[in-house]
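The values are calculated or read from the model by the stated rules, or taken from the named source; none is laboratory data. None of the values given here were measured: they were computed from a predicted structure. Glycine gets a Cβ as well: all are built from the backbone with ideal geometry, and neighbour counts include every protein chain shown. The accessibility values were calculated without ligands, DNA or RNA, using every heavy atom of the protein model including side chains. Shrake-Rupley method; radii C 1.70, N 1.55, O 1.52, S 1.80 Å.
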Amino acid sequence: MIYTNDLKLDSPIIFDSHSHYDDERFNDMGDELFRELKSTVCGIVTCGCDEMSSRAALSLAEKHDFVYAAVGIHPESIGSGTTTEQIENLAKHKKCVAIGEVGLDYYWLSETKERQIEVFESMIMLAKRLDLPVIVHDRDAHGDTLEILKRHKPKGVVHCFSGSVEMAEEIIKLGMYIGVGGVITFKNAKKLPDVVRIIPDELLLVETDCPYLAPEPYRGKLCHSGMIKLTAQKIAEIRESTTEEILKLTAKNAKKLFNII
């Protein structure tokens with residue numbers, strides 16, 4: 001069983017603002033994982049990367065009351081054939097709370113920059129048209145990502161933030177949220193602690209990006225939403241707060257951003 005008892009809390013106060021539960025690594029777990037997570041997790045946003053994974057996210061959201069979906073075209077999926085029109089149709093589902101995961105990735109896909117920018121902007125414009133937040137992927141594309149966000153000024157979150165303090169300050173000026181995941185627990189997380197110190201209370205989110213980026217001491221293993229407690233513990237240490245306060249604060253922020261009552 002994936003869940004570990006030492007990660008449990010007394011009440012469901014974790015809100016995982018970014019996950020990928022459509023990943024095949026969760027296939028054999030059926031409903032058991034979600035039943036266990038429900039004791040500590042009050043909300044999960046599972047993100048799509050193309051039409052197929054967006055449909056899978058919506059399917060999970062329909063099945064579990066505390067799971068919500070985001071739909072979009074990830075930069076790695078720009079050749080999938082998924083269209084803006086398809087994502088728009090999916091985004092009208094009652095449990096879709098965001099357009100995402102969308103953005104730019106110059107680490108893996110530097111040869112498709114122009115097409116990535118085109119798709120990213122189309123997703124932002126769709127989000128604004130539907131009055132939904134965007135969930136932004138930014139890997140080794142800080143300059144272009146920031147320029148596009150400044151130009152379009154969407155509401156949303158830069159997930160798994162990996163930029164500098166200076167970039168974080170610009171994101172904050174735009175009123176966008178900053179998502180912090182298990183990387184904050186890694187020994188090689190050099191810039192992120194300084195970023196975590198300056199994020200206003202009202203713009204901080206926590207996430208897993210599961211099944212990836214499990215926090216220490218589970219680094220390299222399959223990640224799940226319950227592990228956010230460890231991420232929150234590290235954030236609390238950096239911000240001179242408590243784990244419970246960080247979890248309650250970030251759950252409140254996520255519900256506000258994703259318009260979840």
Quiz item: List the cysteines of the chain that have no other Cys Cβ closer than 4.7 Å: which are they?
Solution: Cys42, Cys47, Cys49, Cys96, Cys160
Quiz item: So how do Tyr107, Tyr21 rank on accessible area, 1.4 Å probe, biggest first, that is with the largest at the start?
Solution: Tyr107, Tyr21
Exercise. Just name one of Met227, Ile260, Ile238: the one whose Cα is farthest towards the positive end of the charge dipole of segment 204-261 (beta-carbon charges, Lys/Arg +1, Asp/Glu -1).
Key: Ile260
Quiz item: In straight Cα distance, which lysines are under 23 Å from Lys95, not counting same-chain residues fewer than 8 positions off?
Solution: Lys38, Lys63, Lys128, Lys155, Lys248, Lys252, Lys255, Lys256
Quiz item: Using the Cα atoms of segment 100-202 to build a convex hull, what is its mean projected area in square nanometres?
Solution: 6.5 nm²
Exercise. Go through 43-50, 215-222, 151-158 and give me the packing order, highest mean Cβ count within 10 Å leading.
Key: 43-50, 151-158, 215-222
Quiz item: At q = 0.20, 0.23, 0.25 Å⁻¹, what base-10 log of I(q)/I(0) does the Debye formula yield for segment 9-107 when every alpha carbon is treated as an equal point scatterer in vacuo?
Solution: -0.94, -1.15, -1.28
Exercise. Kindly write out, for segment 62-78 in residue order, the coupling ³J(HN,Hα) from the Karplus curve 6.51 cos²θ - 1.76 cosθ + 1.60 (θ = phi - 60°), rounded to whole Hz, with x marking Gly and Pro.
Key: 5, 7, 10, 5, 9, 9, 10, 10, 10, 10, x, 10, 5, x, 6, 10, 5
Quiz prompt | Local electrostatic count at Lys128 - Lys and Arg +1, Asp and Glu -1, tallied over other residues with Cβ under 10 Å | solution = +2
Quiz item: If the cut-off is 25 Å between C-alpha atoms, which lysines fall inside it for Lys190, apart from same-chain ones fewer than 8 positions away?
Solution: Lys173, Lys221, Lys229, Lys234
Quiz prompt | Cα→Cβ-extended label distance, 7 Å offset, between Arg35 and Asp194, nm | solution = 4.8 nm
Quiz item: Roughly how many whole Å is it from the C-alpha centroid of segment 108-144 to that of segment 232-261?
Solution: 26 Å
Quiz item: Which value, in nm² and rounded to one decimal, describes the direction-averaged projected area of the C-alpha convex hull of the chain?
Solution: 12.4 nm²
Self-check item: Rough spin-label spacing in nm, given labels placed 7 Å along Cα→Cβ, for Arg129 and Lys94
Solution: 2.4 nm
Quiz item: Charges only on Cβ, +1 for Lys and Arg, -1 for Asp and Glu: so what's the dipole of the chain about the Cα centre, in debye to the nearest 20?
Solution: 600 debye
